[in-house]
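Some notes on the structure that comes next.
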Amino acid sequence: MSLTGEVCVVTGACGFLGRRLVKLLLEEEKVAEIRLLDRLVPTQLLQDLEDCRGDTKLSVLEGDIRDGDFLRKACRGASIVFHIAAIIDVTDSVEYSEIYGVNVKGTQLLLEACLQENVVSFIYTSSIEVMGPNPKGEPIVNGNEDTVYHSALKFAYSKTKREAEERTLKAHGDIVQNGSRLATCALRPMYIYGEGCRFLLGHAVDGLRNRNVLFRMSVPEALVNPVYVGNVAFAHLQAARALKDPQKRNNIGGKFYYVSDDTPHVSYSDFNHAMLAPLGFTIQEKLPVPLSLFYAFCLMMEVLCLMLRPFKRVAPPLSRQLLTMLNTPFSFSYQKASRHLGYAPRYSWDQARKRTVEWLASQLPQERERLMAK
């Protein structure tokens with residue numbers, strides 16, 4: 001089902017995933033307009049998109065996701081909303097009120113704007129972390145949407161993303177102003193990598209500081225399945241196409257879908273090494289200390305930061321929950337997204353790795369210079 005002639009709103013349009021989705025929409029679909037909604041839209045991004053823009057109108061919408069009036073103006077006359085914008089925080093460095101305001105209240109205000117302005121399709125970018133892993137580190141291997149799991153979420157990020165996802169799915173079928181009904185669905189990508197991934201670049205910088213040796217933070221048997229950003233963007237496009245199809249709309253509306261691809265199942269640390277080994281990096285063979293001592297160290301750091309909290313907000317460099325996430329086997333299948341959305345990875349593992357390595361190679365010289373200048 002084509003999106004020709006549609007008016008699309010993309011929140012978080014200038015972020016890692018958002019800009020990839022915008023470019024894909026321009027390349028694959030003859031949409032009438034794409035509204036780039038973000039706090040700040042760089043002129044360079046618009047220049048980069050100009051070559052593939054064609055006849056599509058690109059509109060810049062700079063504002064706050066917590067501003068209801070701003071969101072109503074952004075949604076006026078639109079038909080599809082891709083809601084990607086969120087605060088991502090797994091270190092407890094952001095105040096809960098701030099992350100809740102953006103991730104939950106912002107989503108609720110955007111849903112209300114859709115109802116008021118007759119938007120009929122809403123695709124929410126959720127996260128694997130709304131599932132877990134839980135504090136006990138109970139594993140999931142090749143799970144699916146029917147997998148039963150006691151999440152017991154700890155991160156504020158995970159909790160707020162989960163609540164926002166629930167509100168999105170609950171809104172499916174709500175009546176919009178003109179009498180039509182809103183259709184919603186949520187996509188739960190695995191850890192997303194690719195060109196522009198700040199987490200990968202951060203690990204590379206840490207490795208540079210450590211004489212090109214990557215720190216091992218996860219045991220090799222803690223297998224996860226990261227997903228390439230280009231494939232996640234394509235899953236969003238397929239979800240929008242499916243929601244537009246009258247025969248599929250009610251079947252997928254109100255549901256969530258895991259998004260993964262054919263990236264090999266490895267630990268987070270070994271994945272970082274797979275990306276950076278072609279650039280001359282090695283990795284520690286073992287964890288710096290046994291896992292039990294690692295947890296004890298994290299506990300001490302959490303207690304210390306908690307004691308400092310009345311005077312200054314300090315985030316521990318590593319928490320017990322983050323350590324659990326890094327050391328828990330946690331992988332999911334994309335087969336339901338394949339059946340319902342027609343999703344299949346657009347990029348192979350070899351293509352995804354090649355593109356990511358090339359991007360990292362382009363970034364490392366300036367990172368080396370920056371470190372030497374300190």
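The values are calculated or read from the model by the stated rules, or taken from the named source; none is laboratory data. Just so we're clear, the structure is a prediction, and the values are computed from it rather than from any experiment. We place every Cβ from the backbone using ideal geometry, glycine too, and count neighbours over all the protein chains shown.
So that you can scan it fast, the table gives a plain yes or no per residue for (1) assigned to a helix (DSSP H, G or I); (2) within 19 Å of the chain's Cα centre (by Cα); (3) not polar (S, T, N, Q):
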position	(1), (2), (3)
Phe234	yes, yes, yes
Leu237	yes, yes, yes
Ala240	yes, yes, yes
Leu243	yes, no, yes
Arg249	yes, no, yes
Tyr258	no, yes, yes
Asp261	no, yes, yes
Asp270	yes, no, yes
His273	yes, no, yes
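When residues of the stretch 13-41 are filtered for being in contact with a Cys (Cβ under 6 Å, 6 or more places away or on another chain) and buried (at least 22 other Cβ atoms within 10 Å of the Cβ), how many remain? The qualifying residues number 3.
If you go through the stretch 291-335 and pick out every residue that is surrounded by 12 or more Cβ atoms within 10 Å (Cβ to Cβ) and outside any helix (DSSP H, G or I), you end up with 14. For Gly280, the stated conditions hold: it is surrounded by fewer than 22 Cβ atoms within 10 Å (Cβ to Cβ) and more than 30 Å from Ile175 (Cα to Cα).
Yes/no per residue for (1) farther than 22 Å from Leu279 by Cα; (2) modelled with pLDDT under 95:
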| residue | (1), (2) |
| --- | --- |
| Gln321 | yes, yes |
| Ser338 | yes, no |
| Tyr343 | yes, no |
| Ser348 | no, no |
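Across the stretch 267-293, which residue is nearest to Asp206 (Cα to Cα) among those that are among the aromatic types (Phe, Trp, Tyr) and touching a helix residue (DSSP H, G or I) at 6+ places or on another chain (Cβ under 6 Å)? This residue is Phe281. Annotation: of all residues in the stretch 135-164 being in contact with a Lys or Arg (Cβ under 8 Å, 6 or more places away or on another chain) and touching a residue at least 40 places away in the same chain (Cβ under 8 Å), the one that is nearest to Phe256 (Cα to Cα) is Glu145.
Of all residues in the stretch 27-48, which are touching a Lys or Arg at 6+ places or on another chain (Cβ under 7 Å) and either assigned to a helix (DSSP H, G or I) or β-branched (Val, Ile, Thr) (or both)?
Within the stretch 27-48, just Leu45 meets the criteria.
Screening Leu371 on (1) surrounded by 15 or more Cβ atoms within 10 Å (Cβ to Cβ); (2) in contact (Cβ under 8 Å) with a residue 24 or more places away in the chain; (3) among the hydrophobic types (A, V, I, L, M, F, W, C) shows it passes everything except condition (1).
Within the stretch 337-359, can you find the residues that are surrounded by fewer than 19 Cβ atoms within 10 Å (Cβ to Cβ) and in a helix (DSSP H, G or I)? Answer for the stretch 337-359, where residues must be surrounded by fewer than 19 Cβ atoms within 10 Å (Cβ to Cβ) and in a helix (DSSP H, G or I): Ser338, Arg339, His340, Trp349, Asp350, Gln351, Lys354, Arg355, Val357, Glu358, Trp359.
When Gly137, Gly179 are checked against the criterion of being surrounded by fewer than 22 Cβ atoms within 10 Å (Cβ to Cβ), in a loop (DSSP other than H, G, I, E, B) and in contact with a helix residue (DSSP H, G or I) (Cβ under 8 Å, 6 or more places away or on another chain), a single residue qualifies: Gly137. Yes or no: Thr184 assigned to a loop (DSSP other than H, G, I, E, B), polar (S, T, N, Q), within 24 Å of Arg339 (Cβ to Cβ) and at pLDDT 95 or above? In short, no. Every condition in (1) within 30 Å of Asp262 (Cβ to Cβ); (2) modelled with pLDDT of 95 or more holds for Cys114 except the one numbered (1).
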